[in-house]
Structures are given as structure tokens and as C-alpha cells.
Amino acid sequence: MYAVETQNLTKRYGKTQALKGLDFMLDSEEIMVLLGPNGSGKTTLLLILATVLKPTSGTAKVGSYDVTKQPTKVRQVLGISFQEARGFWRHKPAEILRFHAAICGVPKSRRDTAIEEILKDLELWEARNKLFMHLSGGQAKRLEVSKLLIQRPKLAIFDEPSSQVDLRGKRKIWEQIRKLREEGSTILIATNEVREAEYLADRVTILDQGKSVTCDSVKNLKDEITGGDIVELELEPGTDSARLQEELKQIQGTVSLVSGGENRYKAHVSIAEAWVPKMTNLCFKRKTRLLSVRVTEPSLDDVFLHFTGKALETPKNA
Amino acid sequence: MRNVIRLVWFDLNHELRPPIWIIMEWLTFTIQLAIYGALISQLVTGISNYQQFYAIGFVVMMTFDMGSHTGRHFVEHAHEGRLPYLLSLPIPRSKLFLSIALQGGIELALMISVPFVVTLVLIGNFTIISVVAAIATLFCLGFGVAGVMLGLSFIAFKSADLYTAITAGLSSIIIRFSTVLYPFIFLPPSYAAAALFSPLTHGSDLVRLFLGFDPNILLNPVYSAAILAALAVSTLGLGMFILQRLVEGVKSA
């Protein structure tokens, strides 16, 4: 049984179709990242799973519970951290977390220590008695994430967990999310931040215009790009470069090879892990010394571009 | 039930921090009654003490305001992003609805407590039963009005401006075409016909009856009680239906 399963899920807002027959599966205790630009349907999917929105058609299940037929059961096993932390302007962070912990059934004996621990770890302890309306955007976002870290649900849903947060804060949030998974939670994250996806994902689902374009591990997705890996070589001076260049082009997996100056080459290859040993073997046979090798993988932005024909990180959302 | 109490307390704590608006309402009532009520009662004939009549009318108007505030509050929740959060909590929708209704009831009780006591002191002639009956009538009216506003909330999910315009227009019609300020028998026929449809007419006449006003200048109490009870039950039922079946959190992006 999947932790989450949707079949032919659609959602319409008037004339706009946010989800177009989405089939999506999430295994237990994995971190799945939904990657897609704004308007791709990520938030809509998360809100349907959290029973905040109702699907127009199709089915969505969390564990064995159907989101439309057993919404209360669904809400008892999941928690959601929203994209925008809003609402209780005149409450203080500690009060908000105390309320959330109590209503989500966190035992009273554990509440205060858990709240203190999370607030300290996410550097909110000093701000615990400030009114919500006086928190910075980053603090409000960290507070929103803290709710789930205290609740520790079986299925934790994060909508852009580290947006508006500085790099140090992002790392802390990511570490906490990983810790949550290690303790047995299944994690579903929506983001359009490539670094976040690379850091956290066991698998990535690429969403575009309400549809799942592909779903696989980060490594497999990168390997799918023909010529996506870049290998930069520097050979010792005096090498018969013309001959070696021809032989390098013959190695299986070479998509293109260009000279980058004297004894320097830049090769676009399909799978660098397979190409580099063949290349070093060739150099050994030709008694040519390699001075340096540098391998660059494609980013998830390249993966997104490959599968959708569009760049994920635009200057607007990068 | 514990979660309902938690929700009510959490939200009430938010609304009453600081409790300035409730104090301002009490002050408004006191000033209106002490100055305007006292002056106007010198001019009105046909009612033995218009200031007392006016005091009850004003309490009924405050009840109406509070009921519509509860409905609007729900809509504000949606637009401020609180509704999606509340909808995602692990409690049944019926309990969420109960918490909204209870919170509205407590806010109503707080808001009218001082004006109601002042009115009772002004009238001076009441019994425990008549006071309880008057309070029950006010709550029935408050829940009914909150239910109407909740029933209209689905408009707000399409357009908050349209909702504001409709509820403001409806409120002014319901208040103007009612007996909150003038007895039914003194109203012109066309005005009186419209006033029969206003829940405030029935609420204010029933409270006045319980607090000792002359039944000859008031509507039939059985008729008024039946209308208020039907209004509260039907609109609260409608509100609950909307919350369980139709309401979705406003999508933020």
C-alpha cells in the first residue's frame, strides 16, 4: 500500500484546470519532492491531500483513507506546513505551537520540551514571546515549519518549506525534515528550489501544467539527459592531441568533445561514472598523463528543462 | 469536546487581544442611551418611557451586529489564511462549526453583557425568568443572523467586495425596516409590511414583552418566537451544510 496514491485526479477553479488527471504514488518513509514552477499544480495537490480543497474528479488516498470519504481520518495521520504563514496575528509563537501541539494530540508531558527544542533549533527561541505580526517573513516561515516538527505526523506535507528563509535557516529546516523521515515519517515537499530538491529528495516528481511529467530518483533523472554530464580534462603538454581527441570521441557515451585551449578538453557525456574510467584507461594505454579531471553533473534545473522544454529557475523564482 | 474548547479559547484569545473594541461598544451604548436616548424620549409620545424602549432596541441592534460579525469573521478567516489552517486540523468539520458558533455566542454574551445589565437597571421591573427568556431571545437572534451571514459566505469566496456590499446593504435594510426604534403599531402600513420580514422586529418585540412592555404595542409573541427559532435552526443548519460540503480554504497561490 502506498502512503499516498492519486488516480486521474483533477481540480478546476472556474475555467482554470489546476490538475489534469494526475496519477501519483508516494512510498512509505520516503522523501518525495514535487518540483515545478508556480502554477504547476503543486499546492493544489497538497491542499487536496490535506482535505482543505476538494478534488473535482478522480481519487486521492492517504494510506487506506480516501480524502473525500474519510477526511477526518486523513487529517489524523497527516500534517501540513503551508506555503504562507498567516493568520494568528495577535498570538505569540509559543502560544501558536502550544495550541497546535495540543489539538494534534501531542502528549502534554512532551509538549513544552518539544516546543523549546524546536524553537531553539530553528532559532526562534528569542522571538517566542513576540506577537506573530512582529515576526520577520523568515521567522514566520520557520514557525510554520515548526508546527509539523512538533506534531511529527505519519505523513508530513511541506509547501515550500524554506522560502523566505536565509541559507543557514534553510540548512536547519532541511536537517530537521531529514530527521523527521529517519523517525519514520513519510515526507512530501513542494518546491521550485532546485537546491532544496537536490538536498532532500529520494525521488522527484516533475509537475508541469497540472500533470506529472516524470518521477524518479535525482540520479536517474540526471542520467536520463543525454550528454548532461560535463567532463573537463587537462592533459600533460606534448600529447598528440589530434589523435587522442579522435579516440576520446569514440568512447561510448560521448555526445560532444570540444577543445578548450592547449591540452584542455570539454566533453559532454551521458553518464560520467561510466565514461571517466574508459577515458583514464585510454590515457593509460596512450601513456598520456592526466593533469586534472573535473566532472560536473546537470542540475535539476537542467533535468526540468530536458523534460518540459522550460527553465525551472527564472530570475523571478530563483 | 476538549478540542472544541481549545479552538474557542485560542480564537477568542486572539479576538480579545486587546479587548478595546468591546469596551468601545459598551461606551457607545452608554453615551447613546444617556444623551440621545434621554433627549429623544422627551419628544416621543404614545410610549410611556421611550428611553427604555430605545435601550432594548439598541441591545437588539448590537446583537445583530455581533451575529453578522461572526459570519464576516468566518469569511475573514478564509481570506487571512486561517481557514485553510483550521480546515487541516485533525477534528471533524462539525466540531469546527460548533467552535465557530460557540465563539460567536461567547463574544455576543460579552458584548451585550454591560448594555443588557444597564437596560435592566433602567427598566427596574423584571424577574429571573423574564431575564432568562430575554437572553434566550437575543441568543436565538444572534445565532440566526450569524447563520444568514455564514450562508452568504460562499459569495465571499468568489468576491470579498461583493460579499461586503451585499451584507452591508442587507444589514441596513434589516435594521431600518424593523421595530428596533419604533413600535409596530406606529409604523406606516408599507413600512410595517416590510418590518414583518425583519428578524430584528421579532427579536426586539419579544425581548420587550419579556421585560414588561405593553403587549398591545407589540407583535404576537408566539408568532415572533416561532420565526426566530425557525431562523436560528434553518440558517445554522445551512451554515453547517456549507462548512461540511462546500467550503474550501481559499487557495493562496
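The values are calculated or read from the model by the stated rules, or taken from the named source; none is laboratory data. A quick note: this is a predicted structure, and the numbers were derived from the prediction, not measured. Cβ: placed from backbone, ideal geometry, glycine included. Neighbour counts: every protein chain shown.
Details
- Note on segment A:124-175: residues that are under 21 Å from B:Pro84 (Cβ atoms), in a loop (DSSP other than H, G, I, E, B) and acidic (Asp, Glu) total 1.
- Residue check for B:Glu76: without any contact (Cβ under 8 Å) to a residue 24 or more places away in the chain and out of contact with any strand residue (DSSP E or B) (no Cβ under 7 Å at 6 or more places or on another chain): yes
- Qualifying residue in segment B:138-149 (condition: more than 28 Å from B:His79 (Cβ to Cβ) and in contact (Cβ under 8 Å) with a residue 60 or more places away in the chain): yes
- Of the helices (runs of 4 or more DSSP H) contained entirely in segment B:88-185, those carrying at least 3 residues that are not hydrophobic (A, V, I, L, M, F, W, C) fall at B:93-123, B:128-151, B:160-176.
- Selection status of A:Ile96, within 14 Å of another protein chain (Cβ to nearest Cβ), surrounded by 18 or more Cβ atoms within 10 Å (Cβ to Cβ) and free of Cβ contacts under 8 Å to residues at least 24 places away in the same chain: no
- Pairs, first more than 19 Å from A:Ala201 (Cβ to Cβ) in segment A:17-44, second among the basic types (Lys, Arg) and surrounded by 23 or more Cβ atoms within 10 Å (Cβ to Cβ), C-beta under 7 Å, six or more apart: A:Ala18/A:Lys11; A:Leu19/A:Lys11; A:Thr44/A:Lys11
- Segment A:13-72 - residue that is more than 14 Å from chain B (Cβ to nearest Cβ) and polar (S, T, N, Q) and, of those, nearest to A:Ile173 (Cα to Cα): A:Ser28
- Being buried (at least 18 other Cβ atoms within 10 Å of the Cβ), more than 28 Å from A:Ala140 (Cβ to Cβ), within 28 Å of the chain's Cα centre (by Cα) and of a type outside the set (Phe, Trp, Tyr) holds for only one residue in A:Ala101, A:Ala60, and it is A:Ala60.
- Close contacts from segment B:38-50, counting a first residue that is farther than 17 Å from B:Ile123 by Cβ and a second that is of a type in the set (S, T, N, Q), with Cβ to Cβ under 6 Å and a gap of 6+ residues or different chains, come to none at all.
- Flag if A:Asp216 is closer than 30 Å to A:Thr191 by Cα, at pLDDT 85 or above, out of contact with any Asp or Glu (no Cβ under 6 Å at 6 or more places or on another chain) and surrounded by fewer than 18 Cβ atoms within 10 Å (Cβ to Cβ): yes
- Condition check for A:Asp112: surrounded by fewer than 19 Cβ atoms within 10 Å (Cβ to Cβ), among the acidic types (Asp, Glu) and under 21 Å from A:Glu160 (Cβ atoms): no
- The lone exception for B:Ala34 - which of (1) modelled with pLDDT of 90 or more; (2) surrounded by 18 or more Cβ atoms within 10 Å (Cβ to Cβ) it fails: (2)
- Matching residues, segment A:32-42, being within 14 Å of the chain's Cα centre (by Cα) and surrounded by fewer than 24 Cβ atoms within 10 Å (Cβ to Cβ): A:Met32, A:Pro37
- Where a residue in segment B:1-18 is more than 9 Å from chain A (Cβ to nearest Cβ) and in a helix (DSSP H, G or I) and its partner, wherever it lies, is of a type in the set (Ser, Thr, Tyr) and surrounded by 19 or more Cβ atoms within 10 Å (Cβ to Cβ), with Cβ under 6 Å and at least six apart: B:Val4/B:Ser99; B:Val8/B:Ser99
Yes or no, residue by residue, for (1) modelled with pLDDT of 80 or more; (2) within 17 Å of A:Ala274 (Cβ to Cβ); (3) buried (at least 18 other Cβ atoms within 10 Å of the Cβ); (4) touching a Cys at 6+ places or on another chain (Cβ under 7 Å):
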| position | (1), (2), (3), (4) |
| --- | --- |
| A:Leu200 | yes, no, yes, no |
| A:Ile206 | yes, no, yes, no |
| A:Gly210 | yes, no, yes, no |
| A:Asn220 | yes, yes, no, no |
| A:Glu224 | no, yes, no, no |
| A:Gly228 | no, yes, yes, no |
| A:Leu233 | yes, yes, yes, no |
| A:Glu236 | yes, no, no, no |
| A:Ala242 | no, no, no, no |
